[in-house]
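Asker: This is the structure I have questions about; it appears just below.
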Amino acid sequence: MIIAPSLYSMHFDRFKEEIDALNECVEWIHFDVMDGHFVPNLTFGPGILKTVRKNSELFLDVHLMVSDPDYYSDVFAKAGADSIIFHYEAYNDIEKCVKLIDKIHSMYLKAGISIRPGTDVSVIEPLLDKIDIFLLMSVEPGFGGQSFIPESIDRLKKVAEYKKQHDLDLIIEVDGGVNDRNAHELMESGANSLVAGSFVFNGDIKENVARLRRCE
């Protein structure tokens, strides 16, 4: 199981301390990029990602919640991303998504697709054999600290079943309201990567990560 703490919930006044803790206990760092247009919030620019890269050799998982993922894929690739995940809803067009997936792969990065809670998972099935990561949002993107949407379990199972039926080498990641109360069910339902923000950073980072791992 990949644990990918979201820097959205990080205490930046303790940046070095918290990055050092993550370096010792997780595999990935999740980096949320919001443009104030696709979602009603603003977060990090490429300069922050460059700073994270200077202080960590962990896999940097970049989630673009932006209206122009083509432009920002270049920006964050140059800043040190290891993966670029963008939203299907930015295009609502399979061919445009495939073009960007191919571009991300041409930069030797892992490519991923994400969908909002209200988007039917069936719309992205034609893309699942072309991507490395599918990110299921289990809260509405744009704000941290939201409660997990229970219906996300059924959506997760649907993607996991499609993965199994088509024998896909696909990381299924879940983001939103993840904690030690729902982590086991998410893993049992097919998730092999969990993004957790508030749960990891509110308290002892290493202990909170260990609590998630005990759910396996």
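Where a number appears in this text, it was derived from the coordinates with a stated rule and is not lab data. Just so we're clear, the structure is a prediction, and the values are computed from it rather than from any experiment. Backbone-built Cβ (ideal geometry, glycine too); neighbour counts: all protein chains shown.
Asker: ³J(HN,Hα) across region 112-119 via Karplus (A = 6.51, B = -1.76, C = 1.60, θ = phi - 60°), whole Hz, x for Gly/Pro?
Answerer: x, 10, 10, 9, 6, x, x, 8
Asker: So which residue, out of P141, P69, P40, gets the largest mean-square fluctuation from a GNM of the chain using Cα contacts under 10 Å as springs?
Answerer: Maximum fluctuation in the GNM of the chain, among the listed residues, is at P40.
Asker: Right, next: If you average the sequence gap of Cα pairs under 8 Å that are 6 or more apart and divide by the length of the chain, what percent do you get for the contact order?
Answerer: 21 percent
Asker: Comparing F59, F86, F12, which has the greatest mean-square fluctuation in the GNM of the chain with Cα pairs linked when under 10 Å apart?
Answerer: Judging by the Gaussian network model, the answer is F12.
Asker: Moving on. Mind listing the phi-derived Karplus ³J(HN,Hα) values for region 46-62, rounded to whole Hz, using 6.51, -1.76 and 1.60 with θ = phi - 60°, and x for any glycine or proline?
Answerer: Per-residue couplings from phi come out as x, x, 5, 4, 4, 5, 4, 4, 5, 10, 7, 9, 5, 5, 9, 9, 9 Hz.
Asker: Report, in whole Å, the centroid distance computed from the Cα atoms of region 91-126 and region 172-216.
Answerer: 24 Å
Asker: If every alpha-carbon in the chain counts as one equal scatterer, what log10 I(q)/I(0) does Debye give at q = 0.15, 0.17 1/Å?
Answerer: -0.92, -1.21
Asker: Rounded, prolate or oblate: pick one for region 1-78, where a ≥ b ≥ c are the square roots of the eigenvalues of its C-alpha gyration tensor, a/c under 1.5 means rounded, and failing that, prolate if a/b is larger than b/c, else oblate.
Answerer: It comes out prolate by the Cα gyration axes.
Asker: Right, another one. Evaluate the relative contact order of region 46-86 (contact order divided by residue number), counting alpha-carbon pairs under 8 angstrom at least 6 apart; express in whole percent.
Answerer: Computed over region 46-86, the figure is 53 percent.
Asker: Antiparallel DSSP bridges in the chain: what percent, to the nearest 5?
Answerer: Counting only bridges with both partners in the chain, antiparallel ones make up about 5 percent.
Asker: While we're here: Would you list R211, R14 from fewest to most Cβ contacts within 10 Å?
Answerer: Placing the least packed residue first, the sequence is R14, R211.
Asker: Pick from F199, F134, F44: which residue has the top mean-square fluctuation in a GNM of the chain where Cα pairs under 10 Å get a spring?
Answerer: F44
Asker: Ranking D120, D129 by Cβ neighbours within 10 Å, fewest first, what do you get?
Answerer: Ascending Cβ contact count within 10 Å gives the list D120, D129.
Asker: With each run of n ≥ 4 DSSP H residues scored as -39500 (n - 2.57), what mean residue ellipticity at 222 nm is computed for the chain after dividing by its residue count and rounding to the nearest 500 deg cm²/dmol?
Answerer: -10500 deg cm²/dmol
Asker: Below 13 angstrom from the Cβ of G118, what's the summed charge of the other residues (Lys, Arg +1; Asp, Glu -1)?
Answerer: -2
Asker: If you rank Y108, Y91 by fewest surrounding Cβ atoms within 10 Å, what's the result?
Answerer: The order, fewest Cβ neighbours first, is Y108, Y91.
Asker: Quote to one decimal, in nm, the extra length available between K130 and K96 on full extension: 0.36 nm per residue of separation minus the C-alpha distance between them.
Answerer: Net length gain for the segment: 10.9 nm.
Asker: Then there's this: Please report, in whole Å, how far the alpha carbons of region 134-216 spread along each principal axis, starting with the longest.
Answerer: That gives 40, 27, 18 Å along the principal axes, largest extent first.
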